[in-house]
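Below: one structure in structure tokens.
The values are calculated or read from the model by the stated rules, or taken from the named source; none is laboratory data. All values reported here derive from a predicted model rather than from experimental measurement. Quick reminder, even Gly has a Cβ in these numbers, built from the backbone with ideal geometry, and neighbours come from all protein chains shown. Just the protein is used for accessible areas: all its heavy atoms, side chains included, with ligands, DNA and RNA removed. Shrake-Rupley method; radii C 1.70, N 1.55, O 1.52, S 1.80 Å.
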Amino acid sequence: MAMNGKKLGDDIAELITASDAPSDAKASIKKLWEDIGNVIVNHITQNAMITVAAGIPVATAGSESAQTGATTATGTATIM
């Protein structure tokens, strides 16, 4: 599943906002947390290093000097 800063912010805002809070306060809190969620997701996607374990099956085509390929099975990666 792709990371979604807006959804992250919406989920946090819902957790911390009282159900009886005024609607303008709820909207302000929601907008703030959507912005924070987007900053968090952007930071992770721009700075994370993803290491994929060796051994994921691939299918290739082309000559030795100009091959193309794609994975043919799922693999596991580590975000560092």
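When you count, for each residue, the other Cβ atoms within 10 Å and take the mean per peptide, how do 41-48, 70-77 rank with the highest first? Walk me through the intermediate numbers first.
Numbers: 41-48: 11.2, 70-77: 9.4.
Top to bottom by mean Cβ count within 10 Å: 41-48, 70-77.
Report the full-extension gain for the segment Asp10 to Met80: residue separation times 0.36 nm, less the Cα-Cα distance, to one decimal in nm. Each step should come with its number before you reach the end.
Numbers: separation 70, 0.36 × 70 = 25.20 nm, distance 2.59 nm.
Working it through step by step, the gained length comes to 22.6 nm.
Same structure, new question: Normalised by the number of residues in the chain, what is the relative contact order in percent for Cα pairs under 8 Å and 6+ residues apart?
Relative contact order comes out at 28 percent.
So, one more: Counting other Cβ atoms within 10 Å, which GluC sites (Glu not before Pro) in the chain have at most 16 and lie in a DSSP loop? Each step should come with its number before you reach the end.
Numbers: sites: Glu14, Glu34, Glu64; in loops: Glu64.
Those that pass, being in a loop and sparsely packed, are Glu64.
For region 45-52, in order, what is each residue's ³J(HN,Hα) by Karplus, 6.51 cos²θ - 1.76 cosθ + 1.60 with θ = phi - 60°, in whole Hz (x at glycine and Pro)?
For region 45-52, the Karplus curve yields 5, 8, 10, 6, 10, 9, 10, 9 Hz.
What 222 nm value per residue comes from the helices of the chain, counting each DSSP H run with n ≥ 4 as -39,500 (n - 2.57) and dividing by all residues, nearest 500 deg cm²/dmol? Before the final figure, lay out the partial values.
Working: 2 runs with 37 residues, N = 80.
Helices in the chain give a 222 nm mean residue ellipticity of -15500 deg cm²/dmol.
Take the Cβ-Cβ distance between Lys26 and Met3 as r, set R0 to 30 Å, and report the resulting FRET efficiency rounded to the nearest 0.05.
On the way: r = 24 Å, r/R0 = 0.80.
According to the calculation, E is roughly 0.80.
Ignoring ligands, DNA and RNA, please state the percent of accessible area on region 7-80 from carbon and sulfur, probe 1.4 Å.
Numbers: 3390 of 5710 Å².
Ligands and nucleic acids excluded, carbon and sulfur reach 59 percent.
While we're here: Over region 29-80, average the accessible area per residue using a 1.4 Å probe and give it in Å², no decimals. Could the numbers behind the result be given before it?
Numbers: 4120 Å² over 52 residues.
Solvent-accessible surface per residue comes out at 79 Å².
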